[in-house]
Amino acid sequence: MDPFQETFQSLLDDAVPAIRRDPAAWEEHFSKAWAYSRDVGREAAIKEREELDEQAGLLWKQMMAIPSATNAGKIAKVRALLTFVHTDEWRGPAVDLDWEKEQTRALLGQFAGMTEEELAAV
């Protein structure tokens with residue numbers, strides 16, 4: 001989805017001035033963005049991602065229902081938290097994060113035995 005998001009957003013942004021001039025023409029202008037989204041596979045990728053997220057959510061709930069009696073279990077849960085629950089707002093180099101998120105991610109990363117490179121890639 002990401003490689004196509006910029007163009008999709010640009011098509012939506014381009015439609016806004018035309019829609020302000022003629023609100024009845026919103027469908028005509030937005031249809032270009034949605035046609036692009038369909039043609040490049042962005043819509044299909046979004047649907048597939050939603051299905052995968054739903055499955056991952058079910059696995060997360062099952063995992064959380066299991067008590068963490070061992071360090072390995074605790075590590076697995078912290079890794080899952082960092083990679084599944086805290087996604088976009090925790091991704092990337094630490095210097096790009098708010099201080100609170102950087103500190104929380106670093107501490108949880110230590111608990112999970114993750115390097116800074118692994119944390120930046122979650």
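Laboratory data are not the source of any read-out in this text; all were calculated from the coordinates shown. Predicted, not measured: the structure shown is a model, and the values here were computed from it.
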Problem set entry | Between 0 and 90°, nearest 10: helix 2-21 axis offset from the chain longest Cα axis | 40 degrees
Problem set entry | Principal semi-axes in Å for the chain [√(5λ), Cα gyration tensor, largest first] | 39, 18, 11
For this session: Measure nothing fancy, just the Cα-based angle from helix 26-39's long axis to the longest principal axis of the chain, in degrees from 0 to 90, nearest 10.
Result: 50 degrees
Exercise. Between the range 80-118 and the range 1-53, how many Å separate their Cα centres?
Worked result: 31 Å
Exercise. Shape call for the range 66-121 from the C-alpha gyration tensor, a ≥ b ≥ c root eigenvalues: rounded (a/c under 1.5), prolate (a/b greater than b/c) or oblate?
Worked result: prolate
Exercise. Based solely on its DSSP helices, what 222 nm [θ] is calculated for the chain when runs of n ≥ 4 H residues each add -39,500 (n - 2.57) and the sum is averaged over all residues, nearest 500 deg cm²/dmol?
Worked result: -23500 deg cm²/dmol
Exercise. Against the longest principal axis of the chain, how steep is helix 99-112, in degrees 0 to 90 to the nearest 10, with axes from Cα atoms?
Worked result: 50 degrees
Exercise. Between A121 and L12, what length in nm is gained on full extension when 0.36 nm per residue of separation is reduced by their alpha carbon distance?
Worked result: 36.3 nm
For this session: Between D14, D22, D88, find the one with the highest GNM mean-square fluctuation for the chain; connect C-alpha pairs within less than 10 Å.
Result: D22
For this session: Using all C-alpha to C-alpha distances in the range 2-44, build P(r) with 5 Å bins and read off the rounded percent in each one.
Result: 5, 27, 31, 19, 12, 6, 1
Exercise. For the chain, modelled as a Gaussian network with Cα springs under 10 Å, which listed residue fluctuates most, W60, W99, W90?
Worked result: W99
